[in-house]
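Notes to accompany the following structure.
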């Protein structure tokens with residue numbers, strides 16, 4: 001009797017508080033799949049590249065000797081997914097890596113119709129692209145609001161994993177986290193939705209939907225064990241609110257004009273926080289101010305610590321990169337900084353991001369001081385840290401570090417950008433012995449030779 005009472009009470013209570021039944025969940029998932037499937041497409045990209053008899057085995061051939069070896073065309077095919085965002089104009093959003101090397105692109109719709117697509121615009125840094133097809137009777141996706149997402153929410157992924165035979169595969173999971181960054185090492189701008197809906201190669205560019213059937217993300221990447229390319233329960237999607245501005249720019253201009261602040265910056269370590277008299281390690285420290293930049297015009301200084309932008313807290317470097325990038329040139333922002341223990345507000349008017357040539361040129365114009373290792377450095381066109389000058393009579397000079405050398409490692413920290421470099425030397429003091437990884441490139445008229453070494457430098 002007591003058991004029956006408990007069951008009846010539980011059923012009554014579930015109705016009162018609105019707990020959905022199993023049938024309700026089933027209906028929701030079916031509705032989302034029915035609504036989302038017609039808006040998702042399969043993308044078949046045909047690629048062509050030139051290769052030589054050694055290229056297929058992973059061996060490079062110096063340019064000077066390429067004519068000695070037979071060249072051939074290597075054709076390939078890759079599969080991805082996309083989402084229809086404009087049924088009238090036939091616009092489709094997908095990942096840049098799905099189409100970046102494509103000679104031709106074929107779109108396969110949910111009703112099996114096929115169309116040739118043209119690339120309207122691509123943006124490598126955010127890995128987004130917009131395609132266009134000429135077709136009638138398309139189904140356009142409804143956009144959601146990714147800013148309101150919370151961990152634990154149900155999501156549904158739709159795409160074409162592994163091959164066209166598995167197109168419009170529907171999988172479900174939950175949001176594991178939002179605001180994930182430092183996921184892809186080559187990417188500057190990251191603010192991923194992490195979820196555990198099963199996605200695999202071929203899902204790239206496909207849709208991530210909420211239970212209202214609205215698009216809240218574009219599936220982009222998976223985490224693997226390093227050997228397998230299959231799903232391991234950790235997937236990442238680009239939030240739809242982040243894509244809207246990119247899509248608009250690609251459609252209107254074919255490119256994206258990111259705003260520019262004109263600084264180099266680094267994370268705040270615990271020792272650096274103590275050194276700068278900060279309350280915690282949140283924020284980013286300015287390490288370089290480029291010539292004729294918005295930062296220079298606003299009188300920012302080296303060692304300023306940026307803690308807020310327009311009232312939004314800056315916890316680390318990814319926060320600053322993402323916020324600035326998604327602003328338009330000409331936008332006025334309010335920086336809250338800590339300078340020598342005092343909180344200061346600075347109004348900065350962002351500008352157009354210069355071309356790579358102009359940007360790297362501004363690095364060269366910057367007359368930096370010698371750092372703790374006795375080096376002057378700059379970022380080269382590949383993003384590597386290049387030595388521009390070595391201070392005489394220092395340990396670095398005596399150990400034969402030369403102008404043009406590339407710094408690859410400091411102690412156990414790999415150096416692949418300016419932020420990593422300044423972070424690695426931030427806590428070095430006089431008398432320390434630092435292990436520095438150096439790559440030297442010897443170039444002559446006919447060939448170049450590269451070799452790497454480690455050098456123990458005693459800090460003067």
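Give the range 212-233 a look and list any residue that's modelled with pLDDT of 90 or more and surrounded by 16 or more Cβ atoms within 10 Å (Cβ to Cβ), or say none.
Scanning the range 212-233 gives 213, 214, 215, 216, 217, 218, 219, 220.
Looking at the structure I just gave you, is residue 275 under 26 Å from residue 425 (Cβ atoms), at pLDDT below 80 and surrounded by fewer than 17 Cβ atoms within 10 Å (Cβ to Cβ)? Write out each step before concluding.
Values: under 26 Å from residue 425 (Cβ atoms): yes; at pLDDT below 80: yes; surrounded by fewer than 17 Cβ atoms within 10 Å (Cβ to Cβ): yes.
Here the answer is yes, as residue 275 does meet what is asked.
State which residue is modelled with the lowest pLDDT when the search covers only the range 438-460 and only residues that are in contact with a helix residue (DSSP H, G or I) (Cβ under 8 Å, 6 or more places away or on another chain) and surrounded by 10 or more Cβ atoms within 10 Å (Cβ to Cβ).
The extreme case among them is 447.
Do the conditions hold for residue 285, that is, is it farther than 30 Å from residue 243 by Cα and either outside the structural domain of residue 263 (by TED's automatic domain parsing) or outside any loop (DSSP other than H, G, I, E, B) (or both)?
no
Taking the conditions exactly as written (assigned by TED's automatic domain parsing to the domain that holds residue 245, farther than 21 Å from residue 326 by Cα and modelled with pLDDT of 95 or more), does residue 204 satisfy them or not?
Working: assigned by TED's automatic domain parsing to the domain that holds residue 245: yes; farther than 21 Å from residue 326 by Cα: yes; modelled with pLDDT of 95 or more: no.
Considered against the rule, which asks whether it is assigned by TED's automatic domain parsing to the domain that holds residue 245, farther than 21 Å from residue 326 by Cα and modelled with pLDDT of 95 or more, residue 204 comes out as no.
Scan the range 141-181 for residues that are in contact with a helix residue (DSSP H, G or I) (Cβ under 7 Å, 6 or more places away or on another chain), under 20 Å from residue 98 (Cβ atoms) and modelled with pLDDT of 95 or more and report the count.
The number of residues fulfilling the criteria is 3.
Just the residues that are part of a strand (DSSP E or B) and buried (at least 17 other Cβ atoms within 10 Å of the Cβ), please, taken from the range 120-143. Show your work before the answer.
Here is the first cut: in the range 120-143, the ones part of a strand (DSSP E or B) are 120-123, 128-132, 143.
Matches in the range 120-143: 120, 121, 122, 123, 128, 129, 130, 131, 132.
Quick one: in the range 153-169, which of the residues that are surrounded by fewer than 19 Cβ atoms within 10 Å (Cβ to Cβ) and more than 24 Å from the chain's Cα centre (by Cα) is nearest to residue 238 (Cα to Cα)?
Taking the range 153-169 first, the residues surrounded by fewer than 19 Cβ atoms within 10 Å (Cβ to Cβ) are 153-154, 162-166.
Still in the list and also more than 24 Å from the chain's Cα centre (by Cα): 154, 163-166.
Working: 154: 16, 163: 22, 164: 23, 165: 26, 166: 23 Å.
Checked the range 153-169; the qualifying residue nearest to residue 238 (Cα to Cα) is 154.
Check residue 256 against each of (1) modelled with pLDDT of 90 or more; (2) over 28 Å from residue 424 (Cβ atoms); (3) buried (at least 20 other Cβ atoms within 10 Å of the Cβ) and name the one condition it does not meet.
(1)
The values are calculated or read from the model by the stated rules, or taken from the named source; none is laboratory data. All values reported here derive from a predicted model rather than from experimental measurement. In this analysis, Cβ positions are derived from the backbone assuming ideal geometry, glycine residues included, and neighbour counts consider all displayed protein chains.
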